[in-house]
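Just so you know, all these numbers are worked out from the coordinates, no wet-lab data involved. Please read these numbers as outputs of a predicted model, since none were measured by experiment. Glycine also receives a Cβ, built like all others from the backbone with ideal geometry; neighbour counts cover every protein chain displayed.
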Amino acid sequence: GAFFNPLQRGPADLFQPEFRATRKSEIDDRLKEIAAPDRLRRRVLENLAHKRPIANHFVTWGIMDPALVETTLARVPTSHLVAIFRRLLRDLKHNRSGFPDLIAFPGTGGYLLAEVKGPGDTLQDNQKRWLRFFVEEGIPAEVVNVEWT
């Protein structure tokens, strides 16, 4: 089995190369579900309600604001979510880092992923890879340089 005790935050092979191949059918089914907005919304809201006490490597359910989740589901195209999940799944061990710091929801609609950099802070290689991926996929993202005054 993939779970050996109730305190495990994920399957034992989660960050191993064979993780995706071992679960190909289940993962493909879930990606199809994510691509369907109504099914995605239902699944996310169910998980938000029922998974709060369960720890995992990717979501801290307890701090999730339902209104923010609803806004995300309304504004982020499912095609963008599927593309992001596919990239993550290619190599969870390495692709789980470097994702932008913030998501913004402008008053004009849509969304923007923002990587925040302060003075002297530079983009790491994993952040550059994510930003290139966003350009390739048409996912709105940018680097926001901030300065203290």
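Listing for the model above:
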| quantity | calculated |
| --- | --- |
| Euclidean distance of C-alpha centroids, the range 20-38 and the range 91-131, integer Å | 24 Å |
| Base-10 log of normalised Debye intensity for the range 36-116 (one unit scatterer per alpha-carbon) at q = 0.19, 0.21, 0.22, 0.25 Å⁻¹ | -1.07, -1.30, -1.40, -1.53 |
| Alpha-carbon spread of the range 97-149, three principal axes, descending order, Å | 30, 27, 15 |
| Between 0 and 90°, nearest 10: helix 125-137 axis offset from the chain longest Cα axis | 90 degrees |
| Estimated dipole of the range 97-149 in Debye, rounded to 20 [Cβ of Lys and Arg +1, of Asp and Glu -1, Cα centre] | 60 debye |
| Qualifying lysines (Cα of each under 22 Å from Cα of Lys117; at least 8 residues distant if same chain) | Lys128 |
| Where the Cα pairs of the chain fall when distances are cut into 5 Å bins, in % | 2, 8, 14, 18, 22, 18, 10, 5, 2, 0, 0 |
| Relative packing of 19-26, 103-110, which averages over residues the other C-beta atoms within 10 Å, highest first | 19-26, 103-110 |
| Stretchable slack from Ala49 to Phe85, in nm (0.36 nm times residue separation minus alpha-carbon distance) | 10.8 nm |
